[in-house]
Amino acid sequence: MSVYTTVSAEDLDAWLARYTVGGLVELVPIAAGIENTNYFVTTEKGRYVMTLYERLPASELPFYLNLMAHLARAGVEVPAPEPDRTGALFSLLNGKPAGLVSRIDGQSVHDPAPGHCALAGAALARLHIASQTYRPRLANRRGPAWWRQTARIVAPFLTPAQKELLGVELECHSGYGKGSLPKGAIHGDLFCNNVLFADGRVAGIIDFGFAATDFFAYDLAITVNDWCRVEAGEAALDDGRVAALVRAYDEMRPLTEEERMRWPGLVRAAALRFWVSRLHDLYLPRPGELTHAHDPAEFERILRDRVEKPVALPL
């Protein structure tokens, strides 16, 4: 959530006239993440997060914003998009599609305990259950085709060992989309920093910029790879954290036998996706007023760990 498009108080105050939220009181840029431009916005009537979508085409925005509205109506802990006076959930601001969502009070955890993992697993299950009744579909733009395309782009920057690992993993996951795993709208990026806690509960799931139609178990694998490590920054998984998160999820949306069978491959695919993404952002960054790029070496270590020590789901 870096700042790529600067917005002045005057720009925003004029844009807010489209809404019934009152005049601008405070505008604060958010300097974290890498995809979009985000600001905390306080108005005379409430507190919001404003996002300018830097990469997403306007044609895809209804999928993300209507998904958040659908989940919020279903009682899932997500920010609710704020409609303007015409009912639209986004409009142009400084040449970019932009929208407002409610601001959720809470804090993310950097090094989650098993209790945090269980709460996150249950929240993800609630999201997946609610998304089963969300009819729009959107192919995952960070799916296997993107992995292969981006691998070719970053290859000149890699060592021979990295190229070998990347080639082996791309071949391993060439049949990723096959099978009959349960699927629907997923979050696609449920890292620790995208879940806010307050008063011992999940207060909010944020940042739906990678939402797509994909396998629910793949979304669970993405979550496990970040939440369940022995400690932040390490690659190996902690059995207690994995058990807490997966069991809490499974109690609400029981995993199928095929999901359990394909689990070792799904956690590898999830690690591959974020290694490739971070390689791209490191070697081909976009200019921004404030930027925050993640180290790809972290997910290279995670991927190698998942290859060397295949992961089984807790019974």
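Of the residues examined, S59 is not one that is of a type in the set (G, A, S) and either within 20 Å of G23 (Cβ to Cβ) or in contact with a Lys or Arg (Cβ under 6 Å, 6 or more places away or on another chain) (or both). When segment 36-49 is filtered for residues that are touching a residue at least 40 places away in the same chain (Cβ under 8 Å) and over 17 Å from the mean Cα position of the chain (by Cα), the ones remaining, listed by number, are F40, V41, G46, R47, Y48.
Could we say that L190 is modelled with pLDDT of 95 or more and either closer than 30 Å to F40 by Cβ or touching a strand residue (DSSP E or B) at 6+ places or on another chain (Cβ under 6 Å) (or both) here? Working first, answer last.
Values: modelled with pLDDT of 95 or more: yes; either closer than 30 Å to F40 by Cβ or touching a strand residue (DSSP E or B) at 6+ places or on another chain (Cβ under 6 Å) (or both): yes.
So L190 fits the description; yes.
Scanning segment 16-31 for residues that are outside any strand (DSSP E or B) and surrounded by fewer than 20 Cβ atoms within 10 Å (Cβ to Cβ) yields a count of 9.
Out of the residues in segment 32-49 meeting the condition of being assigned to a loop (DSSP other than H, G, I, E, B) and closer than 18 Å to N94 by Cβ, tell me which one is modelled with the highest pLDDT. Don't jump to the end; show me each part of the working.
First pass over segment 32-49, keeping only residues assigned to a loop (DSSP other than H, G, I, E, B): 32-36, 44-46.
In the following step, the residues that additionally are closer than 18 Å to N94 by Cβ were identified as 35-36.
Working: E35: 77, N36: 87.
Per the stated criteria, the residue is N36.
Hey, among L282, L272, which residue is hydrophobic (A, V, I, L, M, F, W, C) and touching a Leu at 6+ places or on another chain (Cβ under 7 Å)? Step by step, each of L282, L272 is checked, and only L272 is hydrophobic (A, V, I, L, M, F, W, C) and touching a Leu at 6+ places or on another chain (Cβ under 7 Å). Within segment 111-121, does at least one residue satisfy the condition of being under 26 Å from V195 (Cα atoms), open to solvent by 70 Å² or more (accessible area, probe 1.4 Å) and in a loop (DSSP other than H, G, I, E, B)? There is at least one residue in segment 111-121 that is under 26 Å from V195 (Cα atoms), open to solvent by 70 Å² or more (accessible area, probe 1.4 Å) and in a loop (DSSP other than H, G, I, E, B).
Could you list, in sequence order, the residues of segment 298-315 that are modelled with pLDDT of 95 or more, of a type outside the set (D, E) and open to solvent by 10 Å² or more (accessible area, probe 1.4 Å)? First the steps, then the outcome.
Of segment 298-315, the ones modelled with pLDDT of 95 or more are 298-308.
Among the residues that remain, those that are also of a type outside the set (D, E) are: 299, 301-304, 306-307.
Answer for segment 298-315, where residues must be modelled with pLDDT of 95 or more, of a type outside the set (D, E) and open to solvent by 10 Å² or more (accessible area, probe 1.4 Å): R301, R304, V307.
Identify, please: which residue in segment 1-15 is open to solvent by less than 30 Å² (accessible area, probe 1.4 Å) and among the hydroxyl-bearing types (S, T, Y) and is, among those, farthest from F274 (Cα to Cα)? Step through it out loud before you land on a result.
If we filter segment 1-15 for residues that are open to solvent by less than 30 Å² (accessible area, probe 1.4 Å), which is where we start, we get 2-3, 5, 7, 12, 15.
Restricting the remaining residues to those that are among the hydroxyl-bearing types (S, T, Y) gives 2, 5.
Working: S2: 18, T5: 25 Å.
Selected residue: T5.
For segment 128-148, the tally of residues that are among the hydroxyl-bearing types (S, T, Y) and either exposed (fewer than 15 other Cβ atoms within 10 Å of the Cβ) or assigned to a helix (DSSP H, G or I) (or both) stands at 2. Kindly check whether there is at least one residue in segment 287-298 that is among the β-branched types (V, I, T), out of contact with any Phe, Trp or Tyr (no Cβ under 6 Å at 6 or more places or on another chain), touching a residue at least 40 places away in the same chain (Cβ under 8 Å) and part of a loop (DSSP other than H, G, I, E, B). There is at least one residue in segment 287-298 that is among the β-branched types (V, I, T), out of contact with any Phe, Trp or Tyr (no Cβ under 6 Å at 6 or more places or on another chain), touching a residue at least 40 places away in the same chain (Cβ under 8 Å) and part of a loop (DSSP other than H, G, I, E, B).
F40 meets the conditions (1) closer than 26 Å to Y176 by Cα; (2) open to solvent by 60 Å² or more (accessible area, probe 1.4 Å) in every case but one. The failed one is (1).
For residues in segment 59-83 being assigned to a loop (DSSP other than H, G, I, E, B) and open to solvent by less than 50 Å² (accessible area, probe 1.4 Å), which is modelled with the lowest pLDDT? Don't jump to the end; show me each part of the working.
In the first step, residues of segment 59-83 are kept if they are assigned to a loop (DSSP other than H, G, I, E, B); the result is 59-60, 74-80, 82-83.
Now restrict to residues that are open to solvent by less than 50 Å² (accessible area, probe 1.4 Å): 60, 76-80, 82.
Values: E60: 91, V76: 98, E77: 96, V78: 98, P79: 97, A80: 96, E82: 97.
Checking each candidate, the answer is E60.
The values are calculated or read from the model by the stated rules, or taken from the named source; none is laboratory data. Bear in mind the structure is a predicted one, so any value in this text is a computation, not a measurement. Every residue, glycine among them, receives a Cβ derived from its backbone with ideal geometry; neighbour counts consider all protein chains shown. All accessible areas refer to the heavy atoms of the entire protein, side chains included, with ligands and DNA or RNA removed. Shrake-Rupley method; radii C 1.70, N 1.55, O 1.52, S 1.80 Å.
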